[in-house]
Amino acid sequence: MLFTELKNYVVFDLEMNGSNQIIEIGALKVTTGQDIEKFSVIVNNPPMGSGMASFKFISQSMGGDDGWITLEMIQNGLAEERALTRFMKFVGDYPVVGHAIVDGDVQLIKEGLRYNDLGKWKTNGKVFDTQQIHRALNGNPNDISLAGLADEYEVEIGTQKHRALADSRATLAVFAAMQKVWAKKKDEMNIDVFMALMSW
């Protein structure tokens, strides 16, 4: 399915603790182009060892007006098994959209499901990555940040950083802008060439 054909999907984002463990999941379920349902959960995976230094750096330098996730919030969060169970129920059979998720967030969710013996997430043909869509639209193989995409597509995403629900909202805005760009470019671009550029 071409990304412009998506009407019902879930946009999601993860935040990590510095040791490649999930500490927050945020998501927006969209139906026929409307944001209709939100999902947000803190996961009880406190940073440990060398991960603590990374966590402290992020918490001191980023976060925006609403602040970064604190250790207290994490310690009071849901067990990973419960958080992932709730998230997978929220996603259901919907396709997912996210930024840099093909080799990142999707794989981390799959690893968490496997570790907690929660089954498999069958995502074949249902993952849409804004970073990779940008590459295909522009023939540019370089990685680009979510903020960079927002600038590129002239989308206002606010000051909040490194909170999963805020980043999901930003990703949704960028994704919608990309769909509009494709609507303008589709007559100029060979669809077969575009699909060949998509690496997932």
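The values are calculated or read from the model by the stated rules, or taken from the named source; none is laboratory data. Everything numeric in this text was worked out from a predicted model, so none of it was measured. Note that each Cβ is placed from the backbone with ideal geometry, even for glycine, and that neighbours are counted across all protein chains shown. Areas reflect the complete protein model, heavy atoms only, side chains present, ligands, DNA and RNA absent. Shrake-Rupley method; radii C 1.70, N 1.55, O 1.52, S 1.80 Å.
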When residues of region 127-146 are filtered for being over 17 Å from residue 180 (Cα atoms) and either over 17 Å from the mean Cα position of the chain (by Cα) or open to solvent by 50 Å² or more (accessible area, probe 1.4 Å) (or both), how many remain?
-> 6
Residue that is among the acidic types (Asp, Glu) and touching a residue at least 40 places away in the same chain (Cβ under 8 Å), where the choices are 111, 72, 80 | 80
What residue, among those in region 156-165 that are modelled with pLDDT under 90 and not charged (D, E, K, R), is nearest to residue 5 (Cα to Cα)?
-> 157
Just checking, how many residues over region 89-109 are among the charged types (D, E, K, R), exposed (fewer than 15 other Cβ atoms within 10 Å of the Cβ) and within 17 Å of residue 27 (Cα to Cα)?
-> 2
Within the set of pairs 6 or more residues apart or between chains, which connect a residue that is without any contact (Cβ under 8 Å) to a residue 60 or more places away in the chain inside region 126-153 to a residue that is open to solvent by 30 Å² or more (accessible area, probe 1.4 Å) and among the small types (Gly, Ala, Ser) with Cβ atoms less than 7 Å apart?
-> 131/100
Restricting to region 44-61, what's the tally of residues that are modelled with pLDDT of 80 or more and either surrounded by 14 or more Cβ atoms within 10 Å (Cβ to Cβ) or among the hydroxyl-bearing types (Ser, Thr, Tyr) (or both)?
-> 5
Among (1) in contact with a strand residue (DSSP E or B) (Cβ under 8 Å, 6 or more places away or on another chain); (2) farther than 16 Å from residue 9 by Cβ; (3) free of Cβ contacts under 8 Å to residues at least 24 places away in the same chain, where does residue 86 come up short?
-> (3)
Determine if region 116-132 includes at least one residue that is of a type in the set (A, V, I, L, M) and part of a helix (DSSP H, G or I).
-> no
Inside region 147-156, the number of residues satisfying the requirement of being open to solvent by 20 Å² or more (accessible area, probe 1.4 Å) and either under 22 Å from residue 30 (Cα atoms) or part of a strand (DSSP E or B) (or both) is 5
